[in-house]
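Read the structure below first, then the notes.
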Amino acid sequence: MKPGNWSQVTEFIILGFPHLHGVQAFLFLLLLLIYLTTVLGNLLIFLVVCLDFRLHTPMYLLVSILSLLELGYTAATTPKMLSNLLSETKTISFSGCLLQIYFFHSLGATECYLLTAMAYDRYLAICQPLHYPTRMTPALCVKIAVGCWLGGLAGPVAEISLVSHLPFCGPNRIQHIFCDFPPVLSLACTDTSINVLVDFVINSCKILATFLLILSSYVQITCTVLRIPSAAGKKKAFSTCASHLTVVLIFYGSILFMYVRLKKSYSLDYDRALAVVYSVLTPFLNPFIYSLRNKEIKEAVRRQLKRMGILE
């Protein structure tokens, strides 16, 4: 299409869940409950780790940073989803859409890096326990966390820059529950092969590389644990990894199928279901996975509640 034949789209309409129009109020209440639980649960873990000096170890410091990250990760998409469920227009500005994509992907990339750092922490603790105190120091833990954040925030800059220069001349209806690269690229009125390729390469490198590093860590952890003579020792070693491994499987299980693929066409209902898993359910489940399966965090929560006079 020639440049003079199109008018620039200034806002998009996010269709959300069009097939569930009759239960919008129920979806709003359900999503609101999940969001509030996600915020309270992750905020609780973050504050408990910060306030309880017994949890000031690399493993729990990384857990607290993950909880803080989840607060921003869900804030990037869920409030807008909630407002769209009650609104008739369901619009978002072009710049607002790009900002939502940027923060969602940058915080998602940060989570990939942070989960990898947590796997490395478990690898050192189990496979090299004698060197663990000298290698995984608080200073190194802080440097790793800062590196994860900086790497994540820089990640989607190239993709966002390419999308911002695309012409959008209509339609402006995003067939998704929030702004994301694949549904937005499908609305551009020009060839987006370069965008799709760049998106595929960046996501493949980022997601596959971190997943393979995590997998490599757990292969070595498993080999080390299997050499432990006592059953009690094996159980204790595996229990320290169970929560992290559960989060990894849920998170990567959905984003691998969503983003590591080289094509523009996609199943709308399939992508909406996956988006709910990695944008809503994973941050919601994290506090339960880490608190319900972790005795030290549960004890720390009880100590803080007693200190506040809520429990006797």
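Just the number, please: carbon plus sulfur as a percent of the accessible area of the chain, 1.4 Å probe, no ligands or DNA/RNA counted. Using a 1.4 Å probe with all protein chains present, the chain comes out at 70 percent carbon and sulfur. By a 1.4 Å probe calculation restricted to protein chains, Ser67 has an accessible surface near 10 Å², given to the nearest 10. A 1.4 Å probe run over the chain, with the rest of the protein chains in place, finds 49 Å² accessible per residue.
Taking the chain as a whole, the Cys residues whose C-beta sits 4.7 Å or farther from every other Cys C-beta are Cys50, Cys112, Cys127, Cys141, Cys148, Cys205, Cys223, Cys241. Size descriptor for the stretch 133-274, Kirkwood hydrodynamic radius: 18.3 Å (Cα pairs only, one decimal).
If R0 equals 22 Å, the separation of the Cβ atoms of Ala158 and Cys189 corresponds to a calculated FRET efficiency of about 0.50.
Note on the chain: lysine pairs with Cα distance below 24 Å, sequence gap of 8 or more or different chains, count 14. With r as the distance between the Cβ atoms of Ala209 and Lys235 and R0 = 22 Å, compute the FRET efficiency 1/(1 + (r/R0)^6) and round to 0.05. The value I calculate is 0.10.
Going 7 Å from the Cα of Arg227 toward and past its Cβ, which residues in the stretch 119-134 have a backbone nitrogen under 15 Å from where you end up? The answer is 123-131.
Among Leu62, Leu140, Leu44, the order of accessible area from largest down is Leu44, Leu140, Leu62, computed with a 1.4 Å probe on protein heavy atoms.
Ser164 contributes an accessible area of around 50 Å² to the protein surface, as traced by a 1.4 Å probe with all chains present.
If you take every residue apart from Phe103 with its C-beta less than 14 Å away from the C-beta of Phe103, what net charge results, scoring Lys and Arg +1 and Asp and Glu -1? After counting each charged neighbour, the total is -3. A simple spin-label model places pseudo-atoms 7 Å from Cα toward Cβ; at Leu71 and Leu47 they are separated by 0.9 nm. Computed about the Cα centre, the dipole magnitude for the chain is approximately 1000 debye when only Lys and Arg (+1) and Asp and Glu (-1) carry charge, each at its Cβ. With all protein chains in place and ligands, DNA and RNA left out, the 1.4 Å accessible area ranks His105, His56, His19 as His19, His56, His105, largest first.
Computed as a quarter of the hull surface, the mean projected area of the alpha carbon convex hull for the stretch 38-103 stands at 5.3 nm².
Residues whose amide H lies under 5 Å from that of Arg173, counting only those 5 or more places away or on a different chain, are Ile13; hydrogens are built 1.01 Å from N in the peptide plane.
The values are calculated or read from the model by the stated rules, or taken from the named source; none is laboratory data. Everything numeric in this text was worked out from a predicted model, so none of it was measured. Here Cβ is always computed from backbone atoms with ideal geometry, including for glycine, and neighbour counts include all displayed protein chains. Protein only, heavy atoms only, side chains kept; ligands, DNA and RNA dropped before computing areas. Shrake-Rupley method; radii C 1.70, N 1.55, O 1.52, S 1.80 Å.
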